[in-house]
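Each remark here refers to the structure printed beneath this line.
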Amino acid sequence: MDLSALSYQKFVHIALEETQRRTILTPLPSQEKLRSIKTKDDTTMLHGLSFSAPKIRLLRSLTVEGSQAMKVLDFAAFSKPEFDLPIFCANFFLNANLSIVVLDLNPLYDVTIQRDYKEKYYMKLMPLGQKYAELLPWGGKITSESLRFFSPIVIWSMLNSSKYKHDVLFSAFMDYFQTWLELMDQAVEETDALKILRNCEAQHKYLTWRAEKDPGHPILKRLIGEKLARDLLRHFLFEGVDTLGTRTFLDYFPEYRCKDGSINQKRSIIGKSYETRPWDARGEFIGNEAG
Ligand code: BLA
């Protein structure tokens, strides 16, 4: 597949346009530093954009494009802690053969445990989850630990790269993002300090997980080197990981502690599981790790 026909720029462009129809975006200082980075191979470019808005703490986008070898989109939106909105999450990776897709409104609270949270946001959205179940089918076993950050409407898929699938993905991306924007519009500011603190901690736990274990890290390190990749992760992609809370990765995920006190470099301790979609059409969790 010739990748030159496929680009994620349109995704970013239209998503930002839609956001601007509903709210006022203010560019964040982090965007200046990382607006564009040339990679070591000199043909690939990284482009970053980041904004805040009255209800949004951080809306940011990273694309990797240029060389024929691969294209990447990492697009996410985090609300201010006064709101318990899900986190918008679109992570797409594409090379000549394969397209890897994660698209979700990641829950702030584990929906297998917090039923009230699940009911508040996801019960109405189950038809949206069903809409793409056939065109973007479940991608097979994944890092088990990731599942608690996913919602019953998550799209996790591995596809052959094609223009048709790219167009389907654009449509899914816009549906999910519009849904997130609608939730943002409707969100009512929390005033209970304790609840705001809980939201802050939940976002911090999520950021801590992703800043340490996101599957894109090895590629980013290869492209721009260890130091800049770390900077990109902690001060741009997962900004807030050093400010929204004080707990460390090992406080949240003690099972990753090695005997010498360091963090186990493996992505998963439990291993991969969930061969098939572990949620039914009503959003009930039906997975078990052996599956
Ligand atoms: C693969 N990316 C994956 C996989 C998941 C995600 C679940 C399947 C592999 C696995 O089971 O871990 C995405 N995982 C997530 C997300 C969360 C999570 C979004 O826990 C959120 C909580 N992906 C990127 C970027 C790159 C990238 C920026 O987001 C590259 C620069 C690449 N993702 C990438 C590649 C793979 C992958 C190459 C397949 C290789 C692998 O599994 O290591």
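The values are calculated or read from the model by the stated rules, or taken from the named source; none is laboratory data. Here the structure is a predicted model, which is why all the values come from computation and not from measurement. Because the Cβ atoms are built from the backbone with ideal geometry, glycine has one as well, and the counts that use them run over all protein chains shown. Note: areas computed on protein heavy atoms with side chains; ligands, DNA, RNA excluded. Shrake-Rupley method; radii C 1.70, N 1.55, O 1.52, S 1.80 Å.
Is it true that V12 is of a type in the set (A, V, I, L, M, F, W, C) and either outside any strand (DSSP E or B) or open to solvent by 50 Å² or more (accessible area, probe 1.4 Å) (or both)? Taking the combined requirement at face value, the residue satisfies it.
Taken over the range 35-90, the criterion of being touching a Cys at 6+ places or on another chain (Cβ under 8 Å) and open to solvent by 10 Å² or more (accessible area, probe 1.4 Å) is satisfied by P81 alone. Looking at this structure, is G287 of a type outside the set (S, T, Y), in contact (Cβ under 8 Å) with a residue 12 or more places away in the chain and touching a strand residue (DSSP E or B) at 6+ places or on another chain (Cβ under 9 Å)? The answer is yes for G287. Among the residues making up the range 46-76, those that are more than 13 Å from the ligand (Cβ to nearest atom), in a strand (DSSP E or B) and of a type outside the set (S, T, N, Q) are L49, F51, A53, I56, R57, L58, L59. Selection of the range 114-134 for residues being closer than 30 Å to D167 by Cβ and either open to solvent by less than 50 Å² (accessible area, probe 1.4 Å) or in contact (Cβ under 8 Å) with a residue 60 or more places away in the chain (or both) yields Y121, Y122, M123, L125, M126, L128, G129, Q130, Y132, A133. For the range 142-172, a residue qualifies if it is among the hydroxyl-bearing types (S, T, Y) and either open to solvent by 50 Å² or more (accessible area, probe 1.4 Å) or farther than 27 Å from I113 by Cα (or both), and the qualifying residues are S161, S162, Y164, S171. Against the numbered list (1) open to solvent by less than 30 Å² (accessible area, probe 1.4 Å); (2) more than 24 Å from K272 (Cα to Cα); (3) of a type outside the set (K, R), D175 comes up short only at (1). On the basis of being within 30 Å of C200 (Cβ to Cβ) and within 11 Å of the ligand (Cβ to nearest atom), does L147 make the cut? Spelling it out, L147 is indeed within 30 Å of C200 (Cβ to Cβ) and within 11 Å of the ligand (Cβ to nearest atom).
With respect to the conditions (1) within 20 Å of the chain's Cα centre (by Cα); (2) at pLDDT 95 or above; (3) more than 23 Å from V154 (Cα to Cα); (4) within 15 Å of the ligand (Cβ to nearest atom), F253 lacks only one, and its number is (3).
Annotation for the range 215-226: at least one member residue is over 18 Å from the mean Cα position of the chain (by Cα), within 11 Å of the ligand (Cβ to nearest atom) and exposed (fewer than 15 other Cβ atoms within 10 Å of the Cβ). Residues in the range 257-284 that are free of Cβ contacts under 8 Å to residues at least 24 places away in the same chain and either touching a Phe, Trp or Tyr at 6+ places or on another chain (Cβ under 6 Å) or over 28 Å from Y121 (Cα atoms) (or both): R257, C258, K259, D260, G261, S262, N264, Q265, K266.
Looking across the range 8-47 at every residue that is in contact with a Phe, Trp or Tyr (Cβ under 6 Å, 6 or more places away or on another chain) and small (G, A, S), the one that is farthest from E65 (Cα to Cα) is identified as S30. Pairing residues of the range 196-219 that are more than 15 Å from N91 (Cβ to Cβ) with residues that are part of a helix (DSSP H, G or I), at Cβ distances under 7 Å and at least 6 apart in sequence or on separate chains, gives K205/Y252; T208/F249; T208/Y252; E212/F249. Contact map, the range 162-186: first residue of a type in the set (K, R), second residue assigned to a helix (DSSP H, G or I), Cβ cut-off under 8 Å, separation 6 or more or different chains; pairs are K163/A5.
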